[in-house]
Amino acid sequence: MAPHPPQSRPSTGPDPSAIDTSRRPFVLIWEVTQACDLACDHCRADAHPARHPDELTTSEGKHLLDQAREFGPGQLVVLSGGDPLTRPDLVELIEYGTSRGLRMTLTPSGTSSLTPETVHRLSDAGVTRLAVSLDGATPDTHDTFRGESGSFEQTVRAARAARDAGLPVQINTTVCAQTVDELPALRDLVDELGAVLWSVFFLVPIGRGRVLEPITPDRAETVMQWLSEVSDDAPFGVKTTEAPFYRRVAIQHRRDANETPTDDDIGRRLGITAGDGFAFVSHTGELYPSGFLPESAGTVRDGGLVERYRESELFQSLRDRDALRGKCGACEFRHVCGGSRSRAYAHTGDPLASDPLCAYVPDGYSGPLPEGRVSGD
């Protein structure tokens, strides 16, 4: 049988600088399932092998993709999990989203199902980028973290298959006390695999991640400075997830902090945070600002995605940087950073509180300080 002909897919999306994040998200994530064969230490979803009986059906999923198209042409949609490959209709959903003019990307788990043949089938269906996770630079460190022997080799094999198929590869890495020392070796591996982007996720303590030890604010600051230096020379892009103060560090690394920054010098739109340029639809159709901020703006099973993103009180409050409290509210970088609203919520129950991982103290600020810091630091 001849291979399935590649789908016509949007090659580029809208200009990031032209996106009004009060009207549309830069990134829309759909958690198509929570089923996964891995038992990763940091799993937000606390995933299990079995699929949930109330997952969105194929028909409901297509309706969701129709709603996503209402945001405008070239909307970026990330299919995540769990492991999306556990859904037998995954290729059908990708083909449908591609036919609707959406940029469909995928974050599969590094399991035995992620074969080179599967990667080519996903590419033919219209996937525009494959994002795989590497949390250690060796089979021992990665597989221990992921709870599955062989996950490292399967992930690396899939990344190479994607590269060979001409499918851009993104590498996702979780940063916590267990993984932080792996970062330099991982940087070299990301380069070796020919990835276009390294997305470095700083742990948020929800799901299984509650049992992991985060790094300290001062260590996070050091890592951010290192990542900023990596981004200067690396042949791939560098971004952080749930650590938007990387933008502040990158700006300080490149210019006088007293200037009013207009971009982050790393080729991406500033200020994307939970609910502001970012939205997440759960496997059962609940709309959240982020998968790490489980406050629902309502279900989108029967419609309302666009309206809820634009008009719900929850999302509107998260887009008001002047409503931030504590140190984040006093920070001159709040409009280009904004702090992790998910981490603030995980620690305090208040999504507008300060991000406890950020070590920066604005001049003249006299309120509560990050862990381990005192006035005058």
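The values are calculated or read from the model by the stated rules, or taken from the named source; none is laboratory data. These numbers were taken from a predicted model, which means no experiment stands behind them. Cβ: placed from backbone, ideal geometry, glycine included. Neighbour counts: every protein chain shown.
Some values worked out for this structure:
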| read-out | value |
| --- | --- |
| Region 350-369, subset over 18 Å from residue 315 (Cβ atoms) and either among the small types (Gly, Ala, Ser) or in contact with a His (Cβ under 6 Å, 6 or more places away or on another chain) (or both), residue surrounded by the most Cβ atoms within 10 Å (Cβ to Cβ) | 354 |
| Residue count for region 73-84, restricted to those that are touching a Pro at 6+ places or on another chain (Cβ under 7 Å), within 9 Å of residue 107 (Cα to Cα) and not charged (D, E, K, R) | 1 |
| Test: residue in region 203-217 that is surrounded by 22 or more Cβ atoms within 10 Å (Cβ to Cβ) and in contact with a helix residue (DSSP H, G or I) (Cβ under 8 Å, 6 or more places away or on another chain) | yes |
| Elements of type helices (runs of 4 or more DSSP H) contained in region 296-377, each with 1 or more residues being over 19 Å from residue 248 (Cα atoms) | 305-311, 313-318, 341-348 |
| Residue 181 vs. criteria charged (D, E, K, R), at pLDDT below 95 and closer than 27 Å to residue 346 by Cα | no |
| Residue within region 210-230 that is within 17 Å of residue 115 (Cα to Cα), in contact (Cβ under 8 Å) with a residue 40 or more places away in the chain and among the small types (Gly, Ala, Ser) present | no |
| Test set (1) among the hydroxyl-bearing types (Ser, Thr, Tyr); (2) crowded, with 21+ Cβ neighbours inside 10 Å; (3) more than 20 Å from residue 81 (Cβ to Cβ); (4) at pLDDT below 95 - residue 144 fails condition number | (2) |
| Residues of region 226-257 satisfying the condition of being over 11 Å from residue 337 (Cα atoms), under 17 Å from the mean Cα position of the chain (by Cα) and small (Gly, Ala, Ser) | 237 |
| Odd one out for residue 222 among (1) at pLDDT below 95; (2) polar (S, T, N, Q); (3) in a helix (DSSP H, G or I) | (1) |
| Qualifying position, being closer than 27 Å to residue 154 by Cβ, of a type in the set (Gly, Ala, Ser), outside any strand (DSSP E or B) and modelled with pLDDT of 95 or more, among 61, 110 | 61 |
| Single residue of 190, 204 found to be among the aliphatic types (A, V, I, L, M), at negative phi, modelled with pLDDT under 95 and not in a strand (DSSP E or B) | 204 |
| Contacts under 7 angstrom Cβ, first residue in region 334-347 being closer than 17 Å to residue 277 by Cα and surrounded by fewer than 23 Cβ atoms within 10 Å (Cβ to Cβ), partner of a type in the set (Gly, Ala, Ser) and at pLDDT below 95, 6 or more apart | 335/271; 336/271 |
| Qualifying residue in region 120-134 (condition: assigned to a loop (DSSP other than H, G, I, E, B), β-branched (Val, Ile, Thr) and either closer than 23 Å to residue 182 by Cβ or touching a Cys at 6+ places or on another chain (Cβ under 6 Å) (or both)) | no |
| Filtered residues of region 279-295 (kept if in a strand (DSSP E or B) and either under 14 Å from residue 345 (Cβ atoms) or among the β-branched types (Val, Ile, Thr) (or both)) | 280, 281, 288, 290, 293 |
| Any hit, region 55-76, residues being touching a residue at least 12 places away in the same chain (Cβ under 8 Å) and under 21 Å from residue 161 (Cβ atoms) | no |
| Of residues in region 135-168 being in a loop (DSSP other than H, G, I, E, B), among the aliphatic types (A, V, I, L, M) and under 22 Å from the mean Cα position of the chain (by Cα), the one nearest to residue 122 (Cα to Cα) | 167 |
| Test: residue in region 82-104 that is part of a loop (DSSP other than H, G, I, E, B) and basic (Lys, Arg) | yes |
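Conditions (1) touching a Cys at 6+ places or on another chain (Cβ under 8 Å); (2) surrounded by 22 or more Cβ atoms within 10 Å (Cβ to Cβ); (3) modelled with pLDDT under 95; (4) among the hydroxyl-bearing types (Ser, Thr, Tyr), marked per residue:
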{"residue": "261", "(1), (2), (3), (4)": "no, no, yes, no"}
{"residue": "271", "(1), (2), (3), (4)": "yes, no, yes, no"}
{"residue": "278", "(1), (2), (3), (4)": "no, yes, no, no"}
{"residue": "281", "(1), (2), (3), (4)": "no, yes, no, no"}
{"residue": "288", "(1), (2), (3), (4)": "no, yes, no, yes"}
{"residue": "306", "(1), (2), (3), (4)": "no, no, no, no"}
{"residue": "311", "(1), (2), (3), (4)": "no, no, no, no"}
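Residues are listed down the side, and each one gets a yes or a no for (1) surrounded by fewer than 23 Cβ atoms within 10 Å (Cβ to Cβ); (2) out of contact with any Leu (no Cβ under 9 Å at 6 or more places or on another chain); (3) over 21 Å from residue 52 (Cβ atoms):
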| position | (1), (2), (3) |
| --- | --- |
| 89 | yes, yes, no |
| 93 | no, no, no |
| 98 | yes, yes, yes |
| 109 | no, no, no |
| 117 | yes, yes, yes |
| 125 | yes, no, yes |
| 130 | no, no, yes |
